[in-house]
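Data block below; observations after.
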Amino acid sequence: MNSSLRHLNALRAFEAAARHQSISKAADELNVSHSVVSQHVKTLEDWFGAELFVRSGNSITLSESGRALLPRVSSGMQTLKDACSDLLRTTQKDTLIVSAEPALASQWLRKRVTEFCEKYPKINVDLRPAWQPPRLGDGHADLVIHFETRLPTTGARIHRLFPIDGYPACAPRVRDQLIGEEGCVNWNEVPLIHDNGHEIWHQWYLTHEPGSNRWQQGRLYSDLSLAIDAALDGEGIILADDFLCEKEMLKGTLVQMDPRKIRCVWYSVAMPKRATRKPAAKTFSEWLRLCCVNHVGD
């Protein structure tokens, strides 16, 4: 077989490495070892008789030949992905049990599940909010979407979805009450709203208002959904973000008090390493990750 199709896996590895400008990141995406991707690239270079990457230590950049090859390979890969996705939407069947952190489930994920099920009508998603992540695997959750720090560290394949970068926000009337005549806020006296402990506000104050102990004060709620409701009712200021608080920020029922941010947490998705037994789980995971990429692009 002399056609390029015999090197389809190698072309896929090249496209991923070129897109990431990294062999390691390509290996992570393709769920293979670093050496497998390197060997695929070498196979193509031997076949073409030309280097596709310029190597410098552990870094790689596309060579002139690589830059010429990449656009058409990328286009071909996208055509194959689109063809498969179109067919899967009408043929793939399964029921997925998806466990998610409660605030994420109600504020962001529920809507995405609805959109996914409209695109894949034969896949049923059973969304189960849970503060404590359940076990992964048969008879338990097919996917767990939660704080990255709470996901299992063994027996699972984990992919990041998006970070929570928190900034102070509140109801418009609260903002108007707190902003002084000079347009400044006294961060030593503001009413704070905490979700799941004081630590996040503590970190914000350490970063942006060091020396103040105001973070020790305020109303405490068990999760972000309750804290958002309290902020909407005018109880004080929360650390909002552009994912979980998107609807309220766009409607103007919450407004930004201060642009200074901190990285609060990463939300990630975990699935069993042997997830090939349930292809629909991989389809849902990849679809969610694409939603997050598009959201960041917006």
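A few notes on this one:
- Filtered by the rule that a residue be open to solvent by 40 Å² or more (accessible area, probe 1.4 Å) and either touching a residue at least 60 places away in the same chain (Cβ under 8 Å) or closer than 23 Å to E199 by Cβ (or both), the stretch 248-273 gives M249, T253, Q256, P259, R260, K261, R263, W266, K273.
- Among residues of the stretch 280-294 that are more than 18 Å from I97 (Cα to Cα), those with a Cβ under 9 angstrom from a residue that is open to solvent by 30 Å² or more (accessible area, probe 1.4 Å) and modelled with pLDDT of 90 or more, sequence gap 6+ or separate chain, pair up as C291/R112; C291/E115; C292/R160.
- Among the criteria (1) in contact (Cβ under 8 Å) with a residue 60 or more places away in the chain; (2) surrounded by 18 or more Cβ atoms within 10 Å (Cβ to Cβ), the one L192 does not fulfil is (1).
- Assessment of the stretch 244-254 against the conditions (at pLDDT 95 or above, over 17 Å from I200 (Cα atoms) and of a type in the set (S, T, N, Q)) yields at least one matching residue.
- For the stretch 59-79, a residue qualifies if it is exposed (fewer than 11 other Cβ atoms within 10 Å of the Cβ) and basic (K, R), and exactly one does: R72.
- For the stretch 82-94, the criterion of a residue being over 30 Å from K42 (Cβ atoms), touching a residue at least 40 places away in the same chain (Cβ under 8 Å), exposed (fewer than 14 other Cβ atoms within 10 Å of the Cβ) and among the polar types (S, T, N, Q) is satisfied by no position.
- Residue match in the stretch 31-51 (condition: modelled with pLDDT of 90 or more, surrounded by fewer than 16 Cβ atoms within 10 Å (Cβ to Cβ), on the phi > 0 side of the Ramachandran plot and more than 27 Å from the chain's Cα centre (by Cα)): yes
- Taken over the stretch 116-125, the criterion of being touching a residue at least 12 places away in the same chain (Cβ under 8 Å) and open to solvent by 50 Å² or more (accessible area, probe 1.4 Å) is satisfied by K119, P121, K122, N124.
- Any hit, the stretch 166-181, residues being in contact with a strand residue (DSSP E or B) (Cβ under 9 Å, 6 or more places away or on another chain), outside any loop (DSSP other than H, G, I, E, B), basic (K, R) and closer than 18 Å to M257 by Cα: yes
- Criterion applied to A130, A230, A156 was being touching a strand residue (DSSP E or B) at 6+ places or on another chain (Cβ under 8 Å) and under 27 Å from G252 (Cα atoms), and the one residue passing it is A230.
- Flag if K111 is basic (K, R), in contact (Cβ under 8 Å) with a residue 24 or more places away in the chain and exposed (fewer than 15 other Cβ atoms within 10 Å of the Cβ): no
The values are calculated or read from the model by the stated rules, or taken from the named source; none is laboratory data. Worth saying up front: this structure is predicted, and the values here are computed from it rather than measured. Every residue, glycine as well, gets a Cβ built from its backbone with ideal geometry; the counts of neighbours run over all protein chains shown. Keep in mind that these areas ignore ligands, DNA and RNA; they rest on the heavy atoms of the full protein, side chains included. Shrake-Rupley method; radii C 1.70, N 1.55, O 1.52, S 1.80 Å.
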